[in-house]
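Values quoted throughout were computed directly from the atomic coordinates according to the rules given, and no laboratory measurement underlies them. Being a predicted model, the structure only gives us computed values, none of them experimental. Methodologically, a virtual Cβ is constructed for each residue, glycine included, from the backbone with ideal geometry; neighbour enumeration extends over all protein chains shown.
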Amino acid sequence: MPEMDIARGRVLRIRGAEYVVSGDSGEISCHLRGKFRLGESPEEVLPVVGDEVEYRIERSHDDRGARGMIMGIMPRRSVFTRNDPSGRMSFKVIGSNLDYVLIVVSTKNPPLKTRLVDRMIVSAEHGGMEPVICLNKIDLMPDRDSMARRMAPYTDMGYRVILSSALEGVGIDELRELLRGKTSMMVGPSGSGKTSIVNALQPELELRTGGVSGKTGKGKHTTSHFELHPLDGGGFIGDSPGVREFGISRIERR
């Protein structure tokens, strides 16, 4: 195989057996080389969103154009993991090669749960990323100073906290500047406004948003998978499915 047929790119999204990779010539649909292996543990076998991969360009015999076959994964500089809710594996890698993990929580609907924030902070730092707390929906709180005080323990420890409202556009410019040229993902409970923030940052995406269940008071899932979207100012932002529970993995209790 000529060397020119090997390219390198970043995995943007995964749909079943299809891996969409962004390379020098744009996006290309790839599949995996047979018997693909990355590491010793079963959790590391397959590529994840954010991975830098090498792929072989193949010429399609139909009207789909060029396709690719992923041949290998470059070393990951960071990984964001959680426990595997299915119990099939000890942990699940959600994304890799990220600079920021934007922990999006809301002032109400759904209510703020700081223990969830704490666990996500630990997972982000353990995986080599910087956690940033985004307190969204401040338009629902007339006393915004009280919420700032509630976030004081985090700011006192040196964590960055951004107060935002996707509805009013508050904090969006600050987020846009922070994320410029970086690769970041948003995590948080369903209904906290992650997708609305992505739409505010990049309006032409027009991602589908949901609300909060009137019966349970919990967010409704609208994002079904994690994928990266390019930002006009450079870099990538990824929305991820909402979580109601988040378990820390690969860290001793002590």
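Structure notes:
- Over region 62-195, relative contact order from alpha-carbon pairs under 8 Å, at least 6 apart, %: 28
- Placing unit charges on the Cβ atoms only, positive for Lys and Arg and negative for Asp and Glu, gives region 66-194 a dipole magnitude near 560 debye about its Cα centre.
- Added length on full extension, which subtracts the Cα-Cα distance from 0.36 nm per residue, GLU58 to THR114: 15.3 nm
- Shown here for region 156-191: trypsin sites (Lys or Arg not before Pro) in loop regions (DSSP other than H, G, I, E, B) with at most 14 other Cβ atoms within 10 Å, namely ARG180.
- Full extension of the chain between ILE172 and LEU46 yields a length gain of 41.9 nm, computed as 0.36 nm times the residue separation minus the alpha carbon distance.
- In order through region 233-240: 3J(HN,Hα) via Karplus (6.51 cos²θ - 1.76 cosθ + 1.60), integer Hz, x for Gly, Pro: x, x, x, 9, 10, x, 8, 9
- Residue separation of SER146 and VAL161 scaled by 0.36 nm, minus their Cα-Cα distance, works out to 4.0 nm of gained length.
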